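These notes concern the structure reproduced below.
Throughout, read-outs are computed from the coordinates displayed, never taken from laboratory work. Values in this document were obtained by computation on a predicted structure and should not be read as measured data. Heads up, the Cβs are rebuilt from the backbone with ideal geometry, glycines too, and the neighbour counts pull from every protein chain shown.
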């Protein structure tokens, strides 16, 4: 094991105080936590949430608290947050975890050991849904079934992409491909950076033994909006023909989810399925109008 390598761990956050205390507390129990040189919180929260974040940090064990640096994000966007973290980090390795994901104690050790033993540029782990979530609602169940943030149970060399919820990278390689594309505000930045790294000849590894637990709470509308973002960014329509293709995609995805849920007798989940078409149409139209006005 390389003795001198240290890790900058970062967490992008926007009004996530209801989750962050549990996430930050969990870092104190990580195996190989001595490798963490600093913890960067990239914060795009409103003023009240900023105050809550400061109170949370002040309540933490000093071993974690002393490593935390809060960086205020001025412009919206997940890719912007990631670039701020990478560029402000003081280590050659950067790890990230979402503000609503609690890592298993072996998470960091497995990511780091895989990075080294596989001679990889980046490694991503698995997101487990519902297991540590209390008061599971309809939106949470729908997300767990249809919006999985993992690539299965088996290790994969050079997967299609590494889901961004929990990853580790060598910083120099992110720099070499031009960092994250800041056009992607809430999704697809992980897909894009993965593709560019692999196209440049760098090796990525999906390692499902590195686990984090998703503790986000979704309602019906929030999960439908998340589903829209997953299918939209990276596929934004540029001409009228693509707008028509997008409409056909919305019909297809509605029917796909509905058939799956009705076949499995998940009739309550089908309620959300049939909201996808009108909500996607509305959000598509809103995006197009904003683009036209700009």
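Before moving on, here are some points about what is shown:
- The range 54-165: proportion of alpha-carbon pairs further apart than 24 angstrom, %: 40
- R0 of 35 Å, Cβ-Cβ distance residue 61-residue 117: FRET efficiency to nearest 0.05: 0.70
- For residue 176 and residue 75, a Förster radius of 22 Å and the Cβ-Cβ distance give a FRET efficiency of 0.35, rounded to the nearest 0.05.
- Nearest 10 degrees, 0 to 90: helix 189-199 Cα axis against the chain principal axis: 70
- Here the sum of -39500 (n - 2.57) over DSSP H runs of 4 or more residues, divided by the residues of the chain, equals -14500 deg cm²/dmol at 222 nm, to the nearest 500.
- For the chain, the percent of C-alpha pairs falling in each 10 Å distance bin, counted from 0 to the bin holding the largest distance, reads 6, 26, 35, 24, 8, 1.
- Cβ crowding within 10 Å ranks 58, 96 as 58, 96, fewest other Cβ atoms first.
- Among 48, 5, the order by Cβ neighbours within 10 angstrom, fewest to most, reads 48, 5.
- Between 0 and 90°, nearest 10: helix 220-232 axis offset from the chain longest Cα axis: 80
- Förster-model FRET efficiency, 25 Å R0, residue 251 and residue 291, C-beta, rounded to 0.05: 0.65
- Degrees between helix 17-26 axis and first principal axis of the chain (Cα, 0 to 90, nearest 10): 40
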